[in-house]
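Some notes on the structure that comes next.
The values are calculated or read from the model by the stated rules, or taken from the named source; none is laboratory data. Because the structure is a prediction, the values reported are computed rather than measured. Every residue, glycine among them, receives a Cβ derived from its backbone with ideal geometry; neighbour counts consider all protein chains shown.
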Amino acid sequence: MSHLGQKIRELREKQNLLLRQVAAQLEVDTALMSKIERGERNASKQQVIKIAKFLKANEEELLTLWLADRIESTIVEEPKIAYGAMKIANRKLIK
């Protein structure tokens, strides 16, 4: 499960909402929303923003989790060089 998917499920269940209710707000089918929660599909940035608004969640937190999932899925294929690449990227971000 992705970091974002786990958080969405947690927020949805806390509010006693059904998966289909969140899916309807995004105008996607329930199967796609289920895959997003399980980390089998990635949500778009716009979908994350819509989810945050619908669930009255912190948009920045959900976008941070979304980006973390994207980074992780990119670097997982190159574990030997991922740490070095992240250090370089981090130095650029700090500047």
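Given (1) modelled with pLDDT of 95 or more; (2) within 28 Å of Met86 (Cα to Cα), identify the lone condition not met by Ala23.
Every listed condition holds for Ala23 apart from (2).
For region 30-47, name all the residues that are touching a residue at least 12 places away in the same chain (Cβ under 8 Å) and among the polar types (S, T, N, Q).
Ser34, Asn42, Gln47
From the list Lys7, Lys14, which one is closer than 30 Å to Ala89 by Cα and charged (D, E, K, R)?
Lys7
If I ask for residues that are of a type outside the set (D, E, K, R), buried (at least 17 other Cβ atoms within 10 Å of the Cβ) and under 15 Å from Asp69 (Cα atoms), which ones from region 1-41 would you list?
Ser2, Leu4, Gly5, Ile8, Ile36
For Arg91, indicate whether it is modelled with pLDDT of 90 or more, farther than 24 Å from Arg9 by Cβ and outside any loop (DSSP other than H, G, I, E, B).
Yes: the conditions hold for Arg91.
Would you pick out the residues in region 48-72 that are within 13 Å of the chain's Cα centre (by Cα), under 17 Å from Leu17 (Cα atoms) and without any contact (Cβ under 8 Å) to a residue 40 or more places away in the chain?
Lys50, Ala52 - these are the residues of region 48-72 that are within 13 Å of the chain's Cα centre (by Cα), under 17 Å from Leu17 (Cα atoms) and without any contact (Cβ under 8 Å) to a residue 40 or more places away in the chain.
Which residue pairs have Cβ atoms under 7 Å apart, sit 6 or more places apart or on different chains, and have a first residue in region 73-84 that is farther than 20 Å from Glu40 by Cα and a second that is among the polar types (S, T, N, Q)?
none
Conditions: (1) at pLDDT 95 or above; (2) in contact with a helix residue (DSSP H, G or I) (Cβ under 9 Å, 6 or more places away or on another chain). Asn16 meets all but one. Number of the miss?
All conditions are met except number (2).
If I filter region 42-81 down to residues being modelled with pLDDT under 90 and either part of a loop (DSSP other than H, G, I, E, B) or among the small types (Gly, Ala, Ser) (or both), which single residue comes out as surrounded by the fewest Cβ atoms within 10 Å (Cβ to Cβ)?
Only one residue fits best here, namely Glu77.
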